[in-house]
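Notes to accompany the following structure.
The values are calculated or read from the model by the stated rules, or taken from the named source; none is laboratory data. Since we're looking at a predicted model, the values are computed, not measured. FYI the Cβ positions are ideal-geometry reconstructions off the backbone, even for glycines, and counts take in every protein chain you see. Each accessible area value is taken on the protein alone, full model and side chains, heavy atoms only, with ligands, DNA and RNA left out. Shrake-Rupley method; radii C 1.70, N 1.55, O 1.52, S 1.80 Å.
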2 protein chains.
Amino acid sequence: MAEKVTIATVARRARVSRQTVSNVLNAPHMVREETRERVREAISALGYRANQAARQMRTGRSRLIAVRIEPTRDGVNGSVLDRFLHGLTEAAEAAGYRVMLYTAPDPRAEIDAYDSLLGAYDLDAFVLTGTEYGDARTAWLTERDVPFVTFGRPWDNPAETAPQGRTAVPARHPWVDVNGADGVAQATRRLLDTGHRRIGFVGWPAGSGVGDDRRSGWHDTLLTAGLDPTGLDRAAPDGFAQGEAAARDLLASAEPPTAIVCASDSLALGALQAVGAPGGWPAGPGQRPEVAVTGFDDTPVAQAIGLTSVSQPLAQAAACCVDLLADVLDGSRRGGAAGHRRSDPASSGPGQVLLRPSLVVRQSG
Amino acid sequence: MAEKVTIATVARRARVSRQTVSNVLNAPHMVREETRERVREAISALGYRANQAARQMRTGRSRLIAVRIEPTRDGVNGSVLDRFLHGLTEAAEAAGYRVMLYTAPDPRAEIDAYDSLLGAYDLDAFVLTGTEYGDARTAWLTERDVPFVTFGRPWDNPAETAPQGRTAVPARHPWVDVNGADGVAQATRRLLDTGHRRIGFVGWPAGSGVGDDRRSGWHDTLLTAGLDPTGLDRAAPDGFAQGEAAARDLLASAEPPTAIVCASDSLALGALQAVGAPGGWPAGPGQRPEVAVTGFDDTPVAQAIGLTSVSQPLAQAAACCVDLLADVLDGSRRGGAAGHRRSDPASSGPGQVLLRPSLVVRQSG
């Protein structure tokens, strides 16, 4: 090809403005399907290669967002963040962004990864998952004015209970989360409704925002029903064997529970083993394990073995994250997150979306 | 900061050459851990931000590789490619590359995605998953000299049976695959060893490279054992309900099988339902379902319910993909894939790695 093909050449052939060609390349969602097709045909026919590096120097925008991919853990719960990642990639593409991955074994290493990524790529933003108390990552990014959204609340200073308590670290960044306490409360209330009075809980050790939130859903629901949670609570690190041991400990108590609510499907699988329904049970119509068990996250394993579990709206959460980022990056509302905020009564403020999970009832409880 | 911080400033502070700083940024695996740390400390202390866009224009290299993320399917088998993605991201990082994601509902759309990605980013290479007969994607990339590796063999013209048959499409690109026929043969042989003589197969409809390969492992093993596979083969699209229907059909035949080998864990879960062991069974020591069932992929669901299944070495496959890409991009052997090739007798040639899966025996068969 002798003549250099430029955006102007493409625009001429597709009979559109240069701005429209630029939009097809940078923000395809802004361009009508039909026009987009015509421009893409012209790009293809002319063999045009936009030079991202050159363009980036002009626009200062890479249209790249970075998200951490977790090391695969026990394979049961890991699927939750995988499903979130699928949703995020699709929502990002629809909004004209691409997702770049990185790994980090712990929050300190993750901050090092930010530093290295920002040094090497002109990233537009980060999506953080798994927020924790006093999250050093959000503080680091905030200090440096790097745009980000978290899938998970800031646990230090939730918007709901704002300033009084604390003076420092105003964690007013955009976030999307699923109301874990509400999910566990739904599971607990259903067990109450089906006649259970001694309902145990197996959750993670105190000190994680997500874990403490889920535990509170069980605890508060029992109190509200006039029941005493004392002696019915067990803490265990996440995992099948840990869940089994904790459930066995509960069942060995003087007044064992008739139902066990678990903070994850991994723990619940272990609990099912402890109650004598290993990996399922003879599931004739209406047959149930003697001690009811519920999980959290509605993983494929829960679906396969008939475990009642709490389902997070992960695709919606991912779409909300992208909408909030687009709000920050493009400085404009594009219907999405704003739409969630308006239509969803659980939302808690501008740039902050709290979604409600749903209970999926199966044979286990 | 008044003075502009450059690579030279960083080099001076870290007492290394500018080339070493550049290597830390572009090819960290080439730099000794201790030196890398010193350079990173200098970068951090000086607040140096490498401008990737500017650097890219100099080096013509983005150190970005792109891989497609699949839409979440039934959640059982999808986890295989998720696990591959985790391994790929980690192996890529170790080699100084980042992974960018894209989605595409079908091969045609995937080629459009290549076009759009190459137009928007100076990608170094693609990792393709799920190769098929006459793969249009590999042909497209080959024509345009875009570096890529496939996780999956070229099914048209496998290196093993090379040129004679065909004239066109010499699919001599780097690939990594897992020997599915071998995995299914391992499952079938074990059933033969434990006394089964009528062993059925539930696999995907003929016409997919992966599916046909897995079926051949069952078929050829029966023939080798002097057994007739006639009437014992059922085809079904992947899925729980499909597996159940196909297994019921097998069991309703005049001479039903005593064991069913399945091409996926999804199909196997359905088959377990059909043989009366829904989602597991009362798994006392030595207890087994009446009709043995085996799956493929060793998903978390298989682990949870005690399904015997074939396990793919996914982390190793991902690491091999990165090694092969690094061979192409850096033009140098760095031990990894070369190591695999040398040590693994199943390997089939330069740039092509065929890995052996392993059978994980559990209660189901």
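With each label modelled as a point 7 angstrom along the Cα→C-beta vector, the B:Ser358-B:Asp193 pair spans 1.4 nm. Estimate the FRET efficiency between A:Thr142 and B:Glu41 by the formula 1/(1 + (r/R0)^6), using the beta-carbon distance for r and 30 Å for R0, to the nearest 0.05. The computed FRET efficiency comes out at 0.85.
Residues of region B:293-320 whose accessible area (probe 1.4 Å, heavy atoms of protein chains only) drops by at least 40 Å² once all protein chains are present, relative to their chain alone: B:Pro300, B:Val301, B:Ala304.
A label point on A:Ala241, set 7 Å along the Cα-to-Cβ line, lies at 3.9 nm from each of its counterparts in the other copies, closest listed first. Distances between copies of A:Arg144, taken at a point 7 Å out from Cα along the Cα→Cβ vector and listed shortest first: 3.3 nm.
Legend: calculated FRET efficiency, B:Ala254 to B:Arg108, from the Cβ-Cβ distance at R0 = 51 Å, rounded to 0.05, equals 0.70.
In nanometres and ascending order, the distances from the A:Glu290 label point to those of the other copies are 2.6 (point 7 Å from Cα along Cα→Cβ).
Ignoring ligands, DNA and RNA and using a 1.4 Å probe, state the total buried accessible area between B and A in Å², rounded to the nearest 100.
Details: alone 17140 and 17150 Å², together 29920 Å².
Adding both sides of the contact gives about 4400 Å².
Modelled label positions at B:Arg18 and A:Thr230, each set 7 Å beyond Cα in the direction of Cβ, lie 7.4 nm from each other. Counting only heavy atoms of the protein chains and using a 1.4 Å probe, A:Ile69 has close to 10 Å² of accessible surface.
First check a/c for region B:180-311, with a ≥ b ≥ c the square roots of the eigenvalues of its C-alpha gyration tensor; if it is under 1.5, answer rounded, and if not, answer prolate when a/b is larger than b/c or oblate otherwise. It is rounded, given that a/c, with a ≥ b ≥ c, falls under 1.5. Here region B:180-311 is treated with +1 on each Lys and Arg Cβ and -1 on each Asp and Glu Cβ, and its dipole about the Cα centre works out to around 280 debye.
In the assembled protein chains, B:Thr142 presents an accessible area of approximately 80 Å² (probe radius 1.4 Å). Among the protein heavy atoms, those of B:Met30 account for about 130 Å² of accessible surface (1.4 Å probe, every chain in place).
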